[in-house]
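The values are calculated or read from the model by the stated rules, or taken from the named source; none is laboratory data. Only a predicted model underlies this, so the values are computations on that prediction, with no experimental measurement involved. In this analysis, Cβ positions are derived from the backbone assuming ideal geometry, glycine residues included, and neighbour counts consider all displayed protein chains. To get the accessible areas, we keep the full protein, side chains included, count just its heavy atoms, and leave off ligands, DNA and RNA. Shrake-Rupley method; radii C 1.70, N 1.55, O 1.52, S 1.80 Å.
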Amino acid sequence: MEDRHLYIIWANADPITSEHMVMMYSTNSMLNGWWDRVTVVVWGNSQLTATQNEAVKLKIALAQQAGVEFSSCLSCAINLGTKDALEEMGIEVIRWGEKLSGLIQGGAKVMTV
């Protein structure tokens with residue numbers, strides 16, 4: 001586990017929350033050195049916001065340019081039909097359930113929005 005690696009579980013589909021919390025905080029964290037690494041995990045209905053809202057897609061691209069890493073839940077992507085679109089955006093699509101459990105049990109820094 002890396003001490004200065006933050007995982008943000010983004011499960012809120014509201015575009016205002018995604019823009020003014022998830023993207024703003026994750027991007028500024030990298031630009032200002034608040035964390036060495038930030039991984040945003042796109043989970044549930046936020047996958048639809050990420051793939052369908054053009055303003056949010058732009059914010060994701062800017063966050064990626066700042067060094068924010070993005071990953072997403074494979075089961076959600078299959079159920080919501082977002083897998084291909086997420087991968088086209090450069091977002092990793094993997095199984096997150098066991099990985100998240102291990103991170104939490106290991107004391108990783110995890111924030112849920």
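Under a 10 Å cutoff between Cα atoms, tell me which one of Thr51, Thr17, Thr39 has the largest fluctuation in the Gaussian network model of the chain.
The residue with the greatest mean-square fluctuation here is Thr17.
Work out, step by step, the length gained on full extension between Glu92 and Asp3: first 0.36 nm times the residue separation, then minus their alpha carbon distance; give nm to one decimal.
Answer, rounded to one decimal: 29.8 nm.
Accessible area per residue, 1.4 Å probe, Å², for the chain: what's the number?
51
Can you tell me the length gained on complete extension of the stretch Asn53 to Asp14, counting 0.36 nm per residue apart and subtracting the Cα distance?
Length gained, Asn53 through Asp14: 13.0 nm.
So for the chain, averaging the separation of alpha carbon pairs under 8 Å that are six or more residues apart and normalising by length, what relative contact order in percent results?
Over the chain, the number comes to 35 percent.
Given a Förster distance of 35 Å, report the FRET efficiency between Ala61 and Ser101 from their Cβ-Cβ distance, rounded to the nearest 0.05.
Calculated transfer efficiency: 0.70.
How would you classify segment 74-113 from its alpha-carbon gyration tensor, with a ≥ b ≥ c the square roots of the eigenvalues: rounded for a/c under 1.5, else prolate if a/b is greater than b/c, otherwise oblate?
Prolate.
Any idea how far the Cα center of segment 91-113 sits from the one of segment 35-85, in Å?
Their Cα centres are 15 Å away from one another.
Please work out which option in [x] 1.23; [y] 1.70; [z] 0.98 gives Cα Rg over 2.2 N^0.38 Å calculated from these coordinates, and answer with its label.
[z]
Using the charge dipole of segment 68-113 (Lys, Arg: +1 at Cβ; Asp, Glu: -1 at Cβ; taken about the Cα centre), state which of Leu100, Ser72, Ala85 has its Cα farthest towards the positive end.
Going by the charge dipole, the pick is Leu100.
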